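The values are calculated or read from the model by the stated rules, or taken from the named source; none is laboratory data. Keep in mind it's a predicted model, so treat the numbers as computed, not measured. Glycine gets a Cβ as well: all are built from the backbone with ideal geometry, and neighbour counts include every protein chain shown. Just the protein is used for accessible areas: all its heavy atoms, side chains included, with ligands, DNA and RNA removed. Shrake-Rupley method; radii C 1.70, N 1.55, O 1.52, S 1.80 Å.
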Amino acid sequence: MMDLLSLPDDVLHLILNYIHGTDALNVALTSKHLSGPALDQIVAVVACEAPETLYGVHQFLSAGPPQRALHLRSLTVDVCPEEAPAQDADGQSQPLPIPHLVADLLFQACNISDLYMSSFDRYARREPRIGAALSSLVRLRHMRLSELTDAALHILATQGSPTTVEHLTLIYDDDFYSVFQQHEFEPLLAALASLQRLRSLVIWNFYPRTFPHNEPCSHIQFPSVTDLRMGGSSAVSVELVPLVPRLSALRFFTQWRRPEPPGVTFAIPPPGRPRWAPLRQLMLGEHNDGESMLERLGVVDQLQISGDLEIGDTESPQLSRFLDLLGVASPVSLYLSVVLSCTPMTFWDRVVYAAPRLRVLDLKIALSRPALEFSTWLEDLAVGLQPFRSSLSFLRIFVPQLGGAEHLFLHEIAHDVYGNVDEDAVDAAREMEDRRVASMVLLPQRLVDALPALQYLVLLDGGRNKAFLLYPRRGPASHVPTNDAEYSEEGEWDELRRTDRIRSRKYWCVVDDRAGRTLEEISQAESDSAQRLIESPDWQSISR
């Protein structure tokens, strides 16, 4: 067996590039031969979340050989610039202010590829070298700056943004009062103008209320950007989209959680503006988020709306707006979250009419409350989707926990207005849960029988609501087939579906055999590959 120390030095250095921090220190202690290169790797990835850490890193890099700082590749600075100067091991105060230390680090560590700085506005105002230090980072690829203001962006624009950045996240100050101060487009556009390699741009809390008016800035374009995400931003902020001619994916949601203060007004868009170029993907946080772009939106291949579409007995303005958006976008693929307060569902024929290209449907479907009047809701689902019988090739359905999260069930369903246990409501919810579990077993074949064009099916199950087990059953227990092992763990947070409670995942392709149309289980990778193929422009020619 080859000994590690017998490897050539260039190979050893390549291996050591993958370790940092404590791991690098432990390697350095094993051998004199490894101590030098391993010590350099201790600071390859650094997160400074306290003044003491920042001072220690600054001292370590300043006291060592000049090349030591060149090994720093990822730096996080999350220290308040107004904090008291750090102290060294002897308890002596460090005379240099924190912003000065950060500027020193940036100038020394010119090979940084990943940088996050909080409180950027305060750092830039207290240390004039910050802007120049950033522009000196010739290998910077990922940059994230928080607590931004227009003034801080002006510093970036005048002193030069790092021209090599490919992925940029800008987080404006999210203070309740300052978020309603008017942000301007011009400082943002000027700061971005030099980023010719920028591919993805994420902007949070950008709250302009007027359109770009400075003629030179309004004609700036960002042809390298293909992915744009704006969160917690005003409706006017989508005026960035026309400046990104090759935009492929747009993710957008407004500042819906905060009410507008009295007197706040937004500019009225000028008439006759051209529509945007087609998008590969549009993801909206809520259905209202599409209103600001309805007159500008072009064709969208993949439309995703995370917020719930509430379906009741009567026509709602929300449903009308959704159908208007669907008619404009005419997507090939649609993600939709539906909350039912009536059955059966009768609006799917209008969806098919509004989106004639639709062949992939990703549907999250839930009940507004677990009441017995909806006892056949899953049985009715296959019938309700029949308008898609000749067009839908791929269907994914997510059925979340009945009754919502445990705390929701306990406070809104299981107890009456006086805080007493509502045993009738608990029994009804439990019976609905038993029906749901039984229906989930039969649902896949029902869907295949109702949709002759269907080729792939995915069923995601939120599992049983454990809150039902907190109350004793008054009547005899019904036998419901289930596999408890499928519901044993929670997964990672799913941003699109807004849950981490997908307990069971099943993937099938539809097979025609002597027994008719049946389901054959496949892997997630095979299912995902099939979805991408069906969403592609080549699918029509392949399917023929």
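Looking only at region 505-518, residues that are farther than 16 Å from residue 455 by Cβ and either loosely packed, with under 13 Cβ neighbours inside 10 Å or modelled with pLDDT under 90 (or both) come to 2 in all. Residues of region 326-366 being surrounded by fewer than 16 Cβ atoms within 10 Å (Cβ to Cβ), more than 30 Å from residue 436 (Cα to Cα) and touching a helix residue (DSSP H, G or I) at 6+ places or on another chain (Cβ under 6 Å), which ones? Scanning region 326-366 gives a single hit, 327. Do any residues in region 344-359 that are assigned to a helix (DSSP H, G or I) have Cβ atoms under 6 Å from those of residues that are open to solvent by 80 Å² or more (accessible area, probe 1.4 Å), where the two are at least six apart or on different chains, and which pairs are they? Pairs found: none.
Criterion applied to 47, 84, 69, 89 was being modelled with pLDDT of 60 or more, of a type in the set (A, V, I, L, M) and part of a loop (DSSP other than H, G, I, E, B), and the one residue passing it is 84.
Counting only residues that are within 20 Å of residue 447 (Cβ to Cβ), out of contact with any strand residue (DSSP E or B) (no Cβ under 8 Å at 6 or more places or on another chain) and either modelled with pLDDT of 90 or more or not in a helix (DSSP H, G or I) (or both), region 520-544 holds 1 of them. Within the span defined as region 106-116, one or more residues are at pLDDT 90 or above, within 14 Å of residue 77 (Cα to Cα), open to solvent by 40 Å² or more (accessible area, probe 1.4 Å) and assigned to a strand (DSSP E or B). Filtered by the rule that a residue be open to solvent by 50 Å² or more (accessible area, probe 1.4 Å) and among the aliphatic types (A, V, I, L, M), region 520-544 gives 525, 533, 542. Restricting region 285-298 to residues that are buried (at least 16 other Cβ atoms within 10 Å of the Cβ) and more than 21 Å from the chain's Cα centre (by Cα), the residue that is nearest to residue 536 (Cα to Cα) is 297. None of 339, 332, 264, 236 is closer than 26 Å to residue 381 by Cα and at pLDDT below 95 except 339. Inspection of region 508-519 finds no residue satisfying the criterion of being in contact (Cβ under 8 Å) with a residue 60 or more places away in the chain, assigned to a helix (DSSP H, G or I) and among the hydroxyl-bearing types (Ser, Thr, Tyr). Contact map, region 426-442: residues that are farther than 26 Å from residue 508 by Cα paired with residues that are of a type in the set (Val, Ile, Thr) and part of a helix (DSSP H, G or I), Cβ distance under 8 Å, separation 6+ or inter-chain. Pairs shown: 426/413; 429/413. Checked against the criteria, residue 460 counts as modelled with pLDDT of 80 or more and out of contact with any Cys (no Cβ under 8 Å at 6 or more places or on another chain). On inspection, residue 144 does not qualify as in contact (Cβ under 8 Å) with a residue 24 or more places away in the chain and either small (Gly, Ala, Ser) or outside any strand (DSSP E or B) (or both).
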